[in-house]
Amino acid sequence: MNRTVANLKLLGIDMIDKAGSGHPGIVLSAAPILYTLYANYMHVNPDDPNWINRDRFVLSAGHGSALLYANLYMLGFISLDDLKKFRQLGSVTPGHPELGVTPGVDISTGPLGQGIASAVGMSMASKRLKEKFKNYDLIDYYVYVLCGDGDLMEGVSYEAASLAGTLKLDNLIILYDSNNTSLDGNISYSFDEDVRERFDAMGWYTTLVKNGNNVNEINKAIKRAQKSGLPSLIEVKTVLGDGSVFAGTNLVHGKPLDKDDISQLKDKLMVPDTPFWVDEDAIKEFRSLVSNRTLEKYNVWQDKYKNYVNSLSKNEKEKLQKFLNREIGFSVTSNPFEDINDEATRESGGKVLNFLASQTDLLFGGSADLSSSTKTYITDGGDFSKNNYSGTNIWFGVREHAMGSILNGIAESGYLPFGSTFLSFSDYMLPAIRMSALMELPVTYIFTHDSMNVGEDGPTHQPTNQIAILRSIPNLNVYRPADFKETLGVFSAAMALKKPSAIILSRQKVSQLEGTSTKKISKGAYIVRKEKENLNGILIATGSEVETCVNIANELYEDGYDLRVVSMPSMELFLKKPKSYRYSVLPAGVKTFFIEAGSSFGLRKFVSNDKYLITLDSFGKSGKPLDVLNKMNFSYKKIKQRIKDLL
């Protein structure tokens, strides 16, 4: 047994034992795979863990984190004390890998399949970066993935793999720890397909390593994959929990080994039965293998980069710095657009997105086969394809879940990615959106067809609860602009904040309102129609309902009701404002309504009581938009009458 592999195994097992929780099976089965990858191929530098041209490693089987942390310790990224704090509050060794927490971890993983899909995005980003800097030979890194059977059962992995094959992403290599065992038992009950044949059909290079302990064979397989000219899947046949008395069973998957099992395992590995014993010679040899290979490439790269920067003009250097800092450099104080007529906010969004794309190379994205409807195609951007990796527009196909996960990988790689579909289909993307929010990656999700106003397509396409769901996700800013001015402000705010965002846009036309503001989007909510004399009530609205409320307020003024209208394009931004500002917009003791064509969930905090919520809390109907809204008691006339009655 290779001494470094043995040390990786025992450190992983000791971490799990001390924590009292973890997954020892993959530690024991996959240690030879991870050792071979890092010892012979990975270019990483513990002294510069965020080096832009480093090779990326994605542990899609995130439950195997103990193995990754042991590996990172042996390479000098983290300390032995960090291993001893595995799964403890505040440690850099959390239960599953987390981006920004542990040096050497390139993306958060845990929900199975997400890692594979995000790695596809990382590979796509590297291809585009390589094209951007091709005259200077600055980008040539690989993206490696370690996955298990569970990752390949999840549908998102196949959505993403299908696109990767279409795009011929030859710098993407998946190492598949194929042990035929999942948490509940042998996978023969649920998963008996030929994985390699399926990947063959998707345009991948595939190969098999029959003995997962044979480091030489794993090494040869990786070398073949690098030369294949295709994305690669290497199936490595292993035994889950190799060496444990429960090897090959689900009993070794998700709970610590008992003390006797650990003792006999260490005896087999020929290491002392001492917790966290370290083979100093093995570490020295392992670090030397990786550092000698990496430092040679790293130093050459640094020279190339310095020569590149020195060749740039002052203006070009400023552009490069903005690119590296993810700064578009557009200020909403300067509106580049001529007067806009009444139009759907999806049309407005398309104009703004195209303008921003003309200002920067940072935008990179597309739609789930709906760009003609969501208006997110970048006219002068070109198409990202196997023949053109410099393109801006990604053809994701009908793959919403993979689109979201791929965008996460692209964002991790330094871009400001965007993806679009109908709001009702955001449900397909929620696992990926949650990961965007968890990692606080600057992904912009653009959702159009924002309400029952879509009419004839019926309840399957009419969003009811989707905005409420999106608003419930921590770290996600949700925007629903009322007109062009607000749409311009929303996109500018989303890009400037560099946080995950969901922008909700209409299919139907809206008027360009007198009181709306581009600059005030940053406040989250603001007054668009102020009361004239005595404040009798406040109407809060978002999106197209802002126009409705302004018109109702104007008409009710003639009936003796003096109303304020507040546009709330972003609830999240508003709630972060000081109380003094929030109370200036929504003073206490005033009858306050919330009008929105969606679920009332989450809106009660803004109103006097539930009867002042004028919302849609049931599924819609198929029919002409005005007929549907009338049926749902949400027509202009019925909204106005309800407000008047309550006043």
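Side notes on the structure shown:
- Across segment 3-297, C-alpha contacts under 8 Å between residues 6 or more apart give a mean separation that, scaled by the residue count, equals a relative contact order of 26 percent.
- Proportion of all alpha-carbon pairs of segment 343-510 beyond 24 Å (%): 26 percent
- Between the C-alpha center of segment 168-235 and that of segment 47-125 there is a gap of 21 Å.
- Radius of gyration (Cα atoms) of the chain, expressed as a multiple of 2.2 N^0.38 Å: 1.07.
- Contact order for the chain, expressed relative to its length and based on alpha carbon pairs under 8 Å spaced 6+ residues apart, stands at 12 percent.
- Cβ-placed point charges (K, R +1; D, E -1), dipole of the chain about Cα centre in debye, nearest 20: 1420 debye
- With a simple spin-label model that places each label point 7 Å from the Cα along the Cα-to-Cβ direction, the separation between Asn335 and Asp184 comes to 5.8 nm.
- Test item: Cα-centred dipole of segment 343-510, Lys/Arg +1 and Asp/Glu -1 on Cβ, debye: 240 debye
- Where GluC sites (Glu not before Pro) fall in DSSP loop in segment 302-346, at most 10 other Cβ within 10 Å: Glu338
- When segment 3-297 is described by a simple charge dipole with +1 on each Lys and Arg Cβ and -1 on each Asp and Glu Cβ, the residue from Tyr141, Gly95, Tyr176 located farthest towards its positive end is Tyr141.
- Förster radius 35 Å - calculated FRET efficiency between Ser21 and Lys498 (Cβ-Cβ, nearest 0.05): 0.50
- Segment Phe355..Asp137, full-extension length gain: 75.5 nm, with 0.36 nm per residue of separation and the alpha-carbon distance subtracted.
- Mean residue ellipticity (222 nm) of the chain, computed from DSSP H runs ≥ 4 via -39,500 (n - 2.57), nearest 500: -12500 deg cm²/dmol
- Candidates per chymotrypsin sites (Phe, Trp or Tyr not before Pro) in segment 174-271, loop by DSSP, up to 15 other Cβ within 10 Å: Phe191
- Annotation: extensible slack from Asn40 through Lys84 equals 13.1 nm (criterion: 0.36 nm per residue apart, minus Cα-Cα distance).
- Farthest toward the positive end of the dipole of segment 519-646, out of Leu573, Gln641, Tyr612, is the Cα of Leu573, where the dipole comes from beta carbon charges about the Cα centre.
- Taking the charge dipole of the chain about its Cα centre, with +1 at Lys and Arg Cβ atoms and -1 at Asp and Glu Cβ atoms, the residue from Ile406, Ser517, Ser123 reaching farthest to the positive side is Ser517.
- Residues Met270 and Glu316, FRET efficiency given R0 of 56 Å [Cβ-Cβ distance, rounded to 0.05]: 0.45
- Evaluated with a Cβ-only charge set (Lys, Arg +1; Asp, Glu -1), segment 519-646 carries a dipole of roughly 420 debye about its Cα centre, given to the nearest 20.
- Segment 312-327-segment 544-585 distance, computed between alpha-carbon centres (Å): 41 Å
Computed from the coordinates by the stated procedures, all read-outs in this text should not be read as laboratory data. Predicted, not measured: the structure shown is a model, and the values here were computed from it. Here Cβ is always computed from backbone atoms with ideal geometry, including for glycine, and neighbour counts include all displayed protein chains.
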